[in-house]
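Below is one structure, written out as structure tokens; the observations come after it.
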Amino acid sequence: MVTSGHSGHSWSPVVTAGHPRSLWSPVVTAGHQWSLVVTSGHSGHLWSLVVTSGHSWSPVVTLVTSGHCWSPVVTRGHPWSLLVTRGHSWSPVVTAGHPWSLWSPVVTLVTLSRWAPYAPGWPWRLRALPPALCPWPRPPATPPPATPPPDTPTMVTSREEPPATTSQERSMTSQEPPMTSQETRSTTSHEGPSMTSQAPPTALSPTLSFPLGHRAQLAARAAAARIRLRLRGLCPGGSWRSLGDVRAALEGPGTPISEYVVRHWQSDAFFGEQFLSGVNPVLLRRCRRLPPNFPVTGDMVAPTLGTGTDLQREMEAGRLFLADYAMLEGLPTGTIGGRPQFVAAPLCLLWLGPRGRLLPVAIQLSQHPGPGSPVFVPGGRGWALAKLWVRSAHFVLHEMVTHLLHGHFLAEAFAVATQRLPAAHPVHQLLLPHVRFTFHINILARETLLNPGGIIDQATSVGREGTLALVARGTAALTFRELCVPDDVAERGVGDIPGYHYRDDAMDIWEAIQGYVEGIVALFYAEDEEVAEDEELQEWVGEIFTYGVLGNEKSGFPSKLCSRPELVKFLTMIIFCCSARHAAVNSGQYDYAAWMPNTPGTMQRPPPAGDAEATEELLVASLPSPEATGALLALLSVVSYEGGELRPLGSRSQDLLSGPGPGSVLAAFRARLAQISERIRSRNAELELPYPYLEPTCVTESISI
């Protein structure tokens, strides 16, 4: 094994198979990111390695057989592969069918006929074999039993699912993204020995064993729901026959929140609540004046507002709010199964009632009022279908702008610029944990989601072409203020809405990050002039301005930083967006979309032109097909839960900021996050519908899923 390269965190080593005629493949991995390297050898062999750019090699053993290509995730050409755990991270085990086992420093690689023994106790704890049984690299002196104990499962997957679910899932879920995102990430520990080391493997500490946790249960239930959908997909290539068909395919054990959604999805109160604590809680704005293209009258909403008030009075009191989906107007739409798909650009007016519940009072399904675009109100025949169209538009705007653009793509701009900073620069050291795996997950997204014919084309109304157009619109409309929580809350006028859990939790986390960044900045920049005179820092922020927002001065993004407060705010925004904001718009996706009628990814019929058209038959016919539903749920059940070794905000497990000064600042940050966690847990315990997504122990420190 030969490595070459240079120090720092720019370009990673080059790996070869060691044969004189082998081809060399460069690995583009910045910082602590991972890349898959395939180096062609001789005799038709294909070598697959996973390497790190950092301080150590991944403990991954490459298995090579003539004419086979072995991925770190799935054994190709053999019946199955086995996954075992290393603490809270997952390591790949690929069976090669050899007469002897291969051993990595931390996990047992077994053959098709051999199993790693299970540790006693519930539920499903794995351990490595004792060192005496693991000579390196020879086979064990005493082979493990040929079959597992009867009370233990025969396979554990990277989502910690039961074996039957996994085997069916692999065979039936054709649209599911490759598992490489989970598997490759799992091998990123920088704590393992060098890959070239010949040291014998060590047994795992008992503290590394872990029970089947809450997140794994959710993932297992998600997989089970996918299987039921595949088995019960009643109308392949077409539409559902009735809501009963949808219920038969989708209803069943799920997450606590997804089960709540099934019970309440038709409720106006729950419809409104999702604007505050759902997966896109940053859209709603206070409405002081109705837009001219939304001709809502007092008579239309009087039955909902009740006696003693009217539309104008409620507007002046600040109790009316608007959700405007104008960005979706005129987007190109795709086809699924040969059938055209549809998207709307609705306007939705909501009212904060006396009980503190946010209720929808009027919906228009286009930006152009007229006879073919009426205003729907509660109690009307088309009300349920109008809400369905709003939820579909909400999904599209959330996924393509709030999530993909504001999360993944913008974080990539932050990551590229940060990796160009010298490794010794304090901003590089501060931000490096917050861009971990960002390149990796974005590459996977381009390869499996945004590629032609990928899941975006299979499951959403706008498809790949519409998604790219929408991302371009979102980039042009992006502002610095909307990414800064205090500014965003003030600008949208939502600071006093009761029960707005996203706002409350986001403000607390923003302030905690801000205090942490202030402490670090103070250690390295004594005066404002030192910030302004730091040429490397100015190049860094200039690169983000140029490539992140395309030099748009109207965005409010700074192109240079002249003071310590400016630097603190900018760094706080980056850390918040790469951690808490992404968690808020990502982690609840499966919870709120598992019951598809609550969050349809596409619509198969055009919007109704009036109440007379809006029948239940049209509602059912408008829903996504079973195939599109399955493709979307297969994706969301994976991306909603962080796989591998969870690294929550504040962990800084790869910390480069050393010394008593940074250490005390980090300790104070962790203490503040612990207080926020306790407050959120206490609040959620009292709620029928909890909001867990910004509980700091569940917020990863980077966009890695």
- Note on the structure: Counting only helices (runs of 4 or more DSSP H) entirely within region 543-616, those with at least 2 residues that are among the small types (Gly, Ala, Ser) are 582-586
- Query: How many residues, within region 479-498, are on the phi < 0 side of the Ramachandran plot, open to solvent by 10 Å² or more (accessible area, probe 1.4 Å) and outside any helix (DSSP H, G or I)?
  - Reply: 5
- region 660-705, residues that are open to solvent by less than 30 Å² (accessible area, probe 1.4 Å), closer than 18 Å to PRO648 by Cα and assigned to a loop (DSSP other than H, G, I, E, B): TYR691, TYR693, LEU694, GLU695, VAL699, GLU701, SER702, ILE703, SER704, ILE705
- Which residue pairs have Cβ atoms closer than 8 Å, lie 6 or more positions apart in sequence or on different chains, and pair a first residue in region 524-539 that is touching a residue at least 60 places away in the same chain (Cβ under 8 Å) and within 15 Å of PRO558 (Cα to Cα) with a second residue that is of a type in the set (Val, Ile, Thr) and crowded, with 18+ Cβ neighbours inside 10 Å? LEU537/VAL427; LEU537/VAL531
- For region 325-351, how many residues meet the condition of being surrounded by fewer than 21 Cβ atoms within 10 Å (Cβ to Cβ) and outside any loop (DSSP other than H, G, I, E, B)? 6
- From the option list ARG564, ARG581, single residue qualifying as out of contact with any Lys or Arg (no Cβ under 6 Å at 6 or more places or on another chain), at pLDDT 95 or above, farther than 30 Å from VAL471 by Cβ and basic (Lys, Arg) is ARG564
- Would you please name the residue that is farthest from PRO378 (Cα to Cα), looking only at residues in region 617-634 that are of a type outside the set (A, V, I, L, M, F, W, C) and in a loop (DSSP other than H, G, I, E, B)? SER625
- Message: Within region 241-266, take every residue that is in a loop (DSSP other than H, G, I, E, B) and open to solvent by less than 40 Å² (accessible area, probe 1.4 Å) and give me the one that is farthest from TYR592 (Cα to Cα).
- Response: GLY252
- Query: Of the residues PHE409, PHE414, PHE321, which is out of contact with any strand residue (DSSP E or B) (no Cβ under 7 Å at 6 or more places or on another chain), over 26 Å from THR460 (Cα atoms), modelled with pLDDT of 95 or more and not in a loop (DSSP other than H, G, I, E, B)?
  - Reply: PHE414
- Query: With respect to the numbered conditions (1) of a type in the set (Gly, Ala, Ser); (2) in a helix (DSSP H, G or I); (3) touching a Gly at 6+ places or on another chain (Cβ under 7 Å), which one is the sole condition not fulfilled by ALA423?
  - Reply: (2)
- Note on the structure: GLU518 meets each of (1) open to solvent by 50 Å² or more (accessible area, probe 1.4 Å); (2) in contact with a helix residue (DSSP H, G or I) (Cβ under 7 Å, 6 or more places away or on another chain); (3) more than 22 Å from SER702 (Cβ to Cβ) with one exception, condition (3)
- Return the total of residues in region 288-318 being part of a loop (DSSP other than H, G, I, E, B) and over 15 Å from PHE376 (Cβ atoms). 13
- Message: So the check is Cβ under 8 Å with 6+ separation or different chains; which pairs have a first residue in region 426-441 that's under 15 Å from LEU523 (Cβ atoms) and a second one that's open to solvent by 10 Å² or more (accessible area, probe 1.4 Å) and small (Gly, Ala, Ser)?
- Response: GLN429/ALA423
- Task: Please enumerate the residues belonging to region 446-478 that are in contact (Cβ under 8 Å) with a residue 40 or more places away in the chain, surrounded by 21 or more Cβ atoms within 10 Å (Cβ to Cβ) and of a type outside the set (Ser, Thr, Tyr).
- Result: LEU449, ILE455, ASP457, GLN458, ALA459, VAL462, GLY463, GLY466, LEU470, LEU478
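Per-residue answers, yes or no, for (1) open to solvent by 10 Å² or more (accessible area, probe 1.4 Å); (2) of a type in the set (A, V, I, L, M); (3) within 13 Å of the chain's Cα centre (by Cα):
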residue	(1), (2), (3)
VAL585	no, yes, yes
ALA594	yes, yes, no
ASN598	no, no, no
PRO607	yes, no, no
LEU619	yes, yes, no
PRO624	no, no, no
GLY630	no, no, no
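If I filter region 291-313 for residues that are within 27 Å of TYR590 (Cα to Cα) and open to solvent by less than 10 Å² (accessible area, probe 1.4 Å), do I get at least one hit? Give the steps one after another, and end with the answer.
Going residue by residue through region 291-313, those that are within 27 Å of TYR590 (Cα to Cα) are none.
For region 291-313, residues within 27 Å of TYR590 (Cα to Cα) and open to solvent by less than 10 Å² (accessible area, probe 1.4 Å): absent.
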- Query: Looking at (1) under 18 Å from TYR590 (Cα atoms); (2) touching a Ser or Thr at 6+ places or on another chain (Cβ under 9 Å); (3) of a type outside the set (A, V, I, L, M); (4) not in a loop (DSSP other than H, G, I, E, B), which is the one condition that is false for SER637?
  - Reply: (2)
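The values are calculated or read from the model by the stated rules, or taken from the named source; none is laboratory data. Note that this is a predicted model, so its numbers are computed, not measured. Here Cβ is always computed from backbone atoms with ideal geometry, including for glycine, and neighbour counts include all displayed protein chains. Only protein heavy atoms, including side chains, enter the accessible area calculation; ligands, DNA and RNA are left aside. Shrake-Rupley method; radii C 1.70, N 1.55, O 1.52, S 1.80 Å.
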